[in-house]
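> Provided herewith is a single structure, encoded as structure tokens, for subsequent inquiry.
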Amino acid sequence: MKFATRLIHAGMEPDPSTGAIIPPIYQTSTFVQAAPGNHKGYEYARSQNPTRTALEKALASIENARHALSFSSGVAASDAVIRLLVPGDEVIAANDMYGGTFRLFSKIFEKAGIHFHYVNMQNPENMSPFISSKTKMIWTETPTNPLMNIVDLAAVAAIAKEKKLLFCVDNTFASPCLQNPLDLGADIVIHSATKYLGGHSDVIHGCVMLNDTDLRDQLYFIQKSCGAVPGPQDCFLVLRGIKTLQVRMERHCQNGEKIARYLRKHPKVARVYWCGFEDHPGYAVAKKQMSGFGGMLSFELKNDSPEETKRVLSSTKLFSLAESLGGVESLMSHPASMTHASIPREERMKNGLSDGLIRLSVGIEDGGDLVEDLQEAIG
């Protein structure tokens, strides 16, 4: 079954009692048992829920995975994966990553005795000095947030396999429509389904996809024990969003390219970060492991003073100033003060994330209208 067909039909089974083509929202906290211990798979909604089951089947299918687990947010999914580790374990993590992930690692799990090495993974060999007997996991995202750097997943997977390390990839920016890390050797894939999978800025959700059944069982135990599960309404909304993922991503990619190439020619723009440029350092790898370059990009103004940056951020009409990404509407954000504010400025600057960087999540509106909006804002 081709990807576009799986998006529509995976996890979809008519309701046996009514024939409803869309799985019902099972808004219930508990399930009646015929006898003690005889619960036919459902006993309490923290453990399982039929709407969640339908979603997890769909999520596994679209990421070419055997298993999927749904969580109450992308950070909750990341939290569960790190809970596979024990005090004294070490993780090699990308130095350019979502600020919320960095906050989780540095402020929560470092206190629990897990140590993180933040490494530039554009060259996988940069990891070598940090691999020791204590290293248990490699964690990356690609394209990275917000600098759009590219990590060669197959190359990192080869190192992880050789060293017997778990390899986890945050695939939120690309979505399963453009990239499938499990096919490239990753062990675990994470998404903030709040973004492209949901696609409509109306749900908070996270998920984990993987092939290893033992790892799945460990993560399910963590999920059940810690309780970071989504409600059935949230699962329903992500199921709905998945159905239009491919058609949305096609427009996100088209508009993303249009905006990136427009900004690059703008006389007031100093630099544009978009992995679809032929001279992008990761272009060849991106072209190899992705089927499209996505709708995420960042740029810097030549006049990157705080006043000018703030003026541009406050002057758009179609690009809304807001956190998050991946919705049908276009968003603009200032990573230094918004999504990545939890990363110390010195660390941000070292990694190339300037105070003047502006990040765009390009939506599915008319591309010409979006260009005009930026033209009027930048001047």
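The values are calculated or read from the model by the stated rules, or taken from the named source; none is laboratory data. If you're wondering where the values come from, they're calculated on a predicted model, not measured in any experiment. FYI the Cβ positions are ideal-geometry reconstructions off the backbone, even for glycines, and counts take in every protein chain you see.
> Among the listed residues LEU69, LEU59, which satisfies the condition of being within 27 Å of SER201 (Cα to Cα) and out of contact with any helix residue (DSSP H, G or I) (no Cβ under 6 Å at 6 or more places or on another chain)? Don't jump to the end; show me each part of the working.
Details: LEU69 fails: out of contact with any helix residue (DSSP H, G or I) (no Cβ under 6 Å at 6 or more places or on another chain).
Only one candidate qualifies: LEU59.
> Is it fair to say PHE167 is outside any strand (DSSP E or B) and outside the structural domain of GLY356 (by TED's automatic domain parsing)?
When the stated conditions are applied, PHE167 does not pass them.
> Sort out which residues of region 107-126 are among the small types (Gly, Ala, Ser) and either closer than 18 Å to PRO146 by Cβ or buried (at least 18 other Cβ atoms within 10 Å of the Cβ) (or both), and write them in order of number.
Of everything in region 107-126, nothing turns out to be among the small types (Gly, Ala, Ser) and either closer than 18 Å to PRO146 by Cβ or buried (at least 18 other Cβ atoms within 10 Å of the Cβ) (or both).
> OK, next. Please go through region 322-379 and pick out each residue that is acidic (Asp, Glu) and within 21 Å of ALA260 (Cα to Cα). Working first, answer last.
From region 322-379, those acidic (Asp, Glu) are 323, 329, 346-347, 355, 365-366, 369, 372-373, 376; that's our starting set.
Within region 322-379, GLU323, GLU329, ASP355, GLU365, ASP366, ASP369, GLU372, ASP373, GLU376 qualify.
> Report, by residue number, each residue of region 2-21 that is in contact (Cβ under 8 Å) with a residue 24 or more places away in the chain and either farther than 22 Å from SER291 by Cβ or assigned to a loop (DSSP other than H, G, I, E, B) (or both).
ALA10, GLY11, MET12, GLU13, listed by residue number.
> Sort out which residues of region 323-355 are aliphatic (A, V, I, L, M), at pLDDT below 95 and under 20 Å from the mean Cα position of the chain (by Cα), and write them in order of number.
Of everything in region 323-355, those that are aliphatic (A, V, I, L, M), at pLDDT below 95 and under 20 Å from the mean Cα position of the chain (by Cα) turn out to be ALA336, MET338, ALA341, ILE343, LEU353.
> What is the one condition in (1) assigned to a loop (DSSP other than H, G, I, E, B); (2) under 30 Å from GLU278 (Cβ atoms) that THR194 does not satisfy?
It fails just one condition, (2).
> Suppose we filter region 82-105 for residues that are farther than 22 Å from ARG345 by Cα and either crowded, with 21+ Cβ neighbours inside 10 Å or acidic (Asp, Glu) (or both); how many remain?
Going through region 82-105 one residue at a time, the tally reaches 4.
> Being in a loop (DSSP other than H, G, I, E, B) and over 22 Å from the mean Cα position of the chain (by Cα) is the requirement here; does PRO230 meet it?
No.
> Give me a count of the residues in region 56-91 that are part of a strand (DSSP E or B), touching a Leu at 6+ places or on another chain (Cβ under 8 Å) and either among the small types (Gly, Ala, Ser) or free of Cβ contacts under 8 Å to residues at least 60 places away in the same chain (or both).
3
> Give the residues of region 277-326 that are among the polar types (S, T, N, Q), surrounded by 15 or more Cβ atoms within 10 Å (Cβ to Cβ) and under 18 Å from GLY199 (Cβ atoms), sorted by residue number.
Listed by number, the residues that qualify are SER320, SER324.
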